[in-house]
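The values are calculated or read from the model by the stated rules, or taken from the named source; none is laboratory data. These numbers come from a predicted model, not from an experiment. Cβ sites come from the backbone with ideal geometry, for glycine too, and all protein chains shown count toward neighbours. To get the accessible areas, we keep the full protein, side chains included, count just its heavy atoms, and leave off ligands, DNA and RNA. Shrake-Rupley method; radii C 1.70, N 1.55, O 1.52, S 1.80 Å.
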Amino acid sequence: MSASLAERLRDAQRKLLPDVGAFLPERVPLDCLPEPLQPYLEACTRLPEHYPLGKGGVRAFMRDRFARFDPQVAAAMDGLSPIEEWTLLTAFAVLGHTYRWDTVPPRPERLAERKVMLPEGLGRPWRELATRVGQPRVGTMWSLHLCNWRLVDRLGGARYQVSDLTVDRLRMAHQWLDPPAANHLEQFSLSFVLMEARGAVAVDRFIETIEAVERGDLQEVGYRLDSLEQAIHDMSKAFARSIRDVYVDPRTWLELVQPTFAWAAEDDGQVLPGPNGMQMPTIHCLDAALSIPSNSVLAQQTLAARAYMPPPHRRFVALMEETRGLLRHFVEQSGVSTLCHRYDGCLVALNKFRIAHRARAAHYIDVGRHGSSGRVSTGMGIAWGPEEAAESNLNSAMVDKEDPIAEFERLMTERIDETGSALVSGDDRGDEPTVENTFRFLRPEDRTTLIESAPRRSFAAGEAIIRQGARRQALYVVEDGLVRIEVQTRARRVVLATLWPGEVFGEISFLSNAEATAWAIADEDTQVRVLDRDHVYAIIARSPTFGMPFYQSLAVQLASRLRASNAFLADQGLPNG
């Protein structure tokens with residue numbers, strides 16, 4: 001009797017994601033290797049002495065240390081265990097990427113470079129090992145992030161659980177920057193480790209859901225969908241809370257942190273990108289689990305990024321693809337509205353991550369175009385300035401001489417809309433308080449003007465942005481951080497929602513000129529754009545055609561929000577009058 005799909009998933013989870021059940025190393029990455037290979041780890045520790053621009057660069061240092069290929073290196077590589085192979089591959093990737101750029105920020109000649117000749121003692125063993133483990137010879141999400149960490153309370157090679165991977169215990173294994181930029185690099189890199197650690201729970205919850213589907217247990221499927229939605233939220237929060245201005249300054253990131261991760265040079269005639277978020281295996285699994293279409297530009301690039309995963313991860317993701325449509329079909333055929341709502345909740349949770357990512361990356365681009373490097377970048381690739389763009393064949397979809405923010409947001413919005421199209425309700429907008437939903441009848445350029453010209457305000461964690469019962473006629477757009485919406489009932493305070501970057505609140509007070517119906521609390525240090533009446537009226541005065549679609553948008557969105565809030569309160573057995 002052939003195994004069910006859920007049984008095959010469980011078996012693959014044990015064999016391809018052993019012990020920890022995540023897209024992470026089986027053990028804590030090693031801090032030492034056999035003697036002939038130890039110089040590669042030692043060279044990594046010396047990078048901060050050479051890599052910052054004022055220190056002369058790493059190329060001379062590496063040419064001196066790795067000018068010739070040592071036959072003892074080849075002999076030592078033949079006897080490596082898998083965990084030793086991944087540790088060595090990470091060291092090769094760190095050394096190779098820093099050599100490619102020589103300094104950070106890179107000198108102009110490095111930006112134009114398309115052929116990189118690595119020293120034989122680095123390039124040859126790196127190529128041989130990359131071939132052996134089935135990955136391109138370039139730093140990947142796996143080698144530069146997911147294997148580049150240590151635990152402060154465990155030795156290399158020790159067993160661990162994903163719950164052990166916390167902000168206070170994780171450290172980056174191989175650093176290449178000096179403080180304080182080193183702190184920003186570490187926070188950025190470890191955010192991916194934290195996200196995959198939390199993502200392991202989401203994958204496990206999905207397999208549990210499929211097990212319930214195969215049993216035909218409607219009640220259990222509903223419960224598991226609830227758990228899956230929460231796991232997706234937890235995964236997204238782990239990333240969003242790490243990538244914030246207070247931890248990863250956008251200018252520092254663009255000038256000092258991000259360039260090293262790009263490769264932007266040819267290998268065997270192909271321009272390789274380096275690590276980026278499209279190589280995150282858990283996101284691939286969730287896209288398949290929730291039957292999200294893959295027709296957009298970003299979706300196609302994401303599929304191509306699977307070549308940069310280790311082969312076991314590619315095989316697991318391929319098996320997850322076999323589940324595509326299974327859960328959705330079961331939910332639709334059940335005819336149970338609660339199941340449909342919970343399935344849609346999982347999609348909304350994933351889209352919150354994408355919406356927050358769009359807001360964060362646009363913020364980076366905006367800062368970057370005013371920086372000293374003359375270029376802007378996101379995890380999707382490099383967008384070069386007008387002169388360089390004409391000669392670059394990098395990710396042409398991202399090269400826009402006039403407005404890189406608009407181009408990036410267009411591509412991300414296309415993927416967000418594609419995710420929304422998978423809602424079983426068939427409503428590709430939903431009732432989520434996103435900028436697009438709240439201002440749905442405004443032209444994109446009018447939305448941009450409305451928000452980017454509004455003043456910013458910062459709130460400390462726990463501080464009230466809006467007090468229930470207060471009169472504050474303004475709309476707020478979350479730019480950084482998280483906002484908790486609470487309502488005070490006769491019995492207690494109830495949390496209605498947590499809002500992410502790119503989401504809007506304050507519509508009722510703004511429209512009705514009445515007392516606020518809920519509290520808005522900064523869930524952590526938070527930055528918002530404040531769209532008060534004077535700001536909106538000034539735009540209407542300059543553009544009379546702005547007013548009608550603006551107020552029509554608010555009215556439609558507010559009706560959706562009120563229906564959702566009333567339904568939530570009814571489910572809680574609370575009054576909604």
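Pairing each residue of region 9-37 that is within 17 Å of Ala318 (Cα to Cα) and touching a residue at least 40 places away in the same chain (Cβ under 8 Å) with any residue that is open to solvent by less than 40 Å² (accessible area, probe 1.4 Å) and aromatic (Phe, Trp, Tyr), provided the two are 6+ apart or on different chains, yields C-beta distances under 6 Å for Ala12/Phe316; Leu16/Phe316. Can you find a residue in region 523-545 that is hydroxyl-bearing (Ser, Thr, Tyr), open to solvent by less than 30 Å² (accessible area, probe 1.4 Å), touching a residue at least 60 places away in the same chain (Cβ under 8 Å) and not in a loop (DSSP other than H, G, I, E, B)? Scanning region 523-545, I find at least one residue that is hydroxyl-bearing (Ser, Thr, Tyr), open to solvent by less than 30 Å² (accessible area, probe 1.4 Å), touching a residue at least 60 places away in the same chain (Cβ under 8 Å) and not in a loop (DSSP other than H, G, I, E, B), so the answer is yes. Looking across region 80-124, the residues that are touching a residue at least 60 places away in the same chain (Cβ under 8 Å) and among the hydrophobic types (A, V, I, L, M, F, W, C) come down to Ile83, Trp86, Ala91, Val94, Trp101, Val104, Leu111, Ala112, Val116, Leu122. Close Cβ contacts (under 9 Å, 6 or more residues apart or on different chains) running from residues in region 259-272 that are open to solvent by 10 Å² or more (accessible area, probe 1.4 Å) to residues that are among the aromatic types (Phe, Trp, Tyr) and not in a helix (DSSP H, G or I) comprise Val271/Trp263.
Listed here are the residues, each with its yes/no results for (1) out of contact with any helix residue (DSSP H, G or I) (no Cβ under 9 Å at 6 or more places or on another chain); (2) within 22 Å of Arg8 (Cα to Cα); (3) aliphatic (A, V, I, L, M); (4) free of Cβ contacts under 8 Å to residues at least 40 places away in the same chain.
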{"site": "Ala158", "(1), (2), (3), (4)": "yes, no, yes, no"}
{"site": "Leu177", "(1), (2), (3), (4)": "no, no, yes, no"}
{"site": "Val193", "(1), (2), (3), (4)": "no, no, yes, no"}
{"site": "Val201", "(1), (2), (3), (4)": "no, yes, yes, yes"}
{"site": "Leu218", "(1), (2), (3), (4)": "no, yes, yes, no"}
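Exactly one residue out of Asp287, Asp249, Asp344, Asp268 is out of contact with any strand residue (DSSP E or B) (no Cβ under 9 Å at 6 or more places or on another chain), on the phi > 0 side of the Ramachandran plot and of a type in the set (D, E, K, R), and it is Asp268. Against the definition (part of a loop (DSSP other than H, G, I, E, B), more than 25 Å from the chain's Cα centre (by Cα), among the aliphatic types (A, V, I, L, M) and closer than 23 Å to Leu511 by Cβ), how does Leu442 come out, yes or no? Considered against the rule, which asks whether it is part of a loop (DSSP other than H, G, I, E, B), more than 25 Å from the chain's Cα centre (by Cα), among the aliphatic types (A, V, I, L, M) and closer than 23 Å to Leu511 by Cβ, Leu442 comes out as yes. Within region 456-484, residues that are more than 20 Å from Ile243 (Cβ to Cβ) sit with their Cβ atoms under 7 Å from residues that are loosely packed, with under 14 Cβ neighbours inside 10 Å, at 6+ positions apart or across chains, in these pairs: Gly469/Glu515; Ala470/Glu515; Arg471/Glu515; Gln473/Asn513; Gln473/Arg533. Residues of region 220-231 that are among the hydrophobic types (A, V, I, L, M, F, W, C) and either closer than 16 Å to Val336 by Cβ or in contact (Cβ under 8 Å) with a residue 40 or more places away in the chain (or both): Val221, Leu225, Leu228.
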